[in-house]
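Q: Below: one structure in structure tokens.
What follows is calculated from the coordinates using simple rules that are stated; it is not laboratory data. Everything numeric here is computed off the predicted structure, so don't read it as measured data. A quick note on method: Cβ atoms are made from the backbone with ideal geometry, for glycine too, and the neighbour counts reach across all protein chains shown.
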Amino acid sequence: MLAMNRERFQLLVEEALAEIPEPFQSHLQDVQVVIDDRASAATLRELGLDPQRDEIYGLYEGTPLDERGDGEVPLLPDRITLYYRPLVRDFRTAWAIRREVRRTVIHEVGHFFGLDEDEVEGEGY
């Protein structure tokens, strides 16, 4: 049995996004944030992970802000995906899921702003 239903999970994602302060918040208006069950095997392989043993909690896809020219609009919209099943499987209480959803949202938003994996993790996310 899952510790949290998808509707409540969606609310936690929305809360985490709402907590992001200005001036960062205004840059996120065109970023799609979606929830999916889990990353596909193909996505995990593209990331250099083993689909048989690895899972991820979130993924940013797009062109980070710091890689765009002035006024450049990407061909595809930026997208942050949160993966429901790994998060509710690995974090059993509503409090723990809420904390990890927040961490994952901030982690992926960090990538949108141009931070690499080490930099995001160096900030504690």
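Q: Relative to the Cα centre, what is the charge dipole magnitude of the chain, using +1 at the beta carbon of each Lys and Arg, -1 at the beta carbon of each Asp and Glu, and rounding to the nearest 20 debye?
A: Dipole size: approximately 900 debye.
Q: Is it possible to state the helix-based mean residue ellipticity at 222 nm for the chain, with each DSSP H run of 4+ residues giving -39500 (n - 2.57), the sum divided by total residues, to the nearest 500 deg cm²/dmol? What is it?
A: That comes out to -12500 deg cm²/dmol.
Q: Over every pair of different alpha-carbon atoms in segment 1-64, take the mean of 1/r and invert it; report that Kirkwood radius in Å.
A: Result for segment 1-64, one decimal place: 14.1 Å.
Q: Continuing with this model, one more query. Would you mind telling me which residue in 24, 113, 91 has the biggest mean-square fluctuation in a Gaussian network model of the chain, where springs connect alpha carbons within a distance under 10 angstrom?
A: Looking only at 24, 113, 91, the largest GNM fluctuation is found for 24.
Q: To continue, here is another question. Name the residue from 35, 62, 25 whose Cα lies farthest towards the positive end of the charge dipole of the chain, charges +1 on Cβ of Lys and Arg and -1 on Cβ of Asp and Glu.
A: Checked the options; the winner is 35.
Q: Related question: For residue 7 and residue 103 in one chain, what is 0.36 nm times their gap in residues minus the Cα-Cα distance, to one decimal in nm?
A: Working it through step by step, the gained length comes to 32.7 nm.
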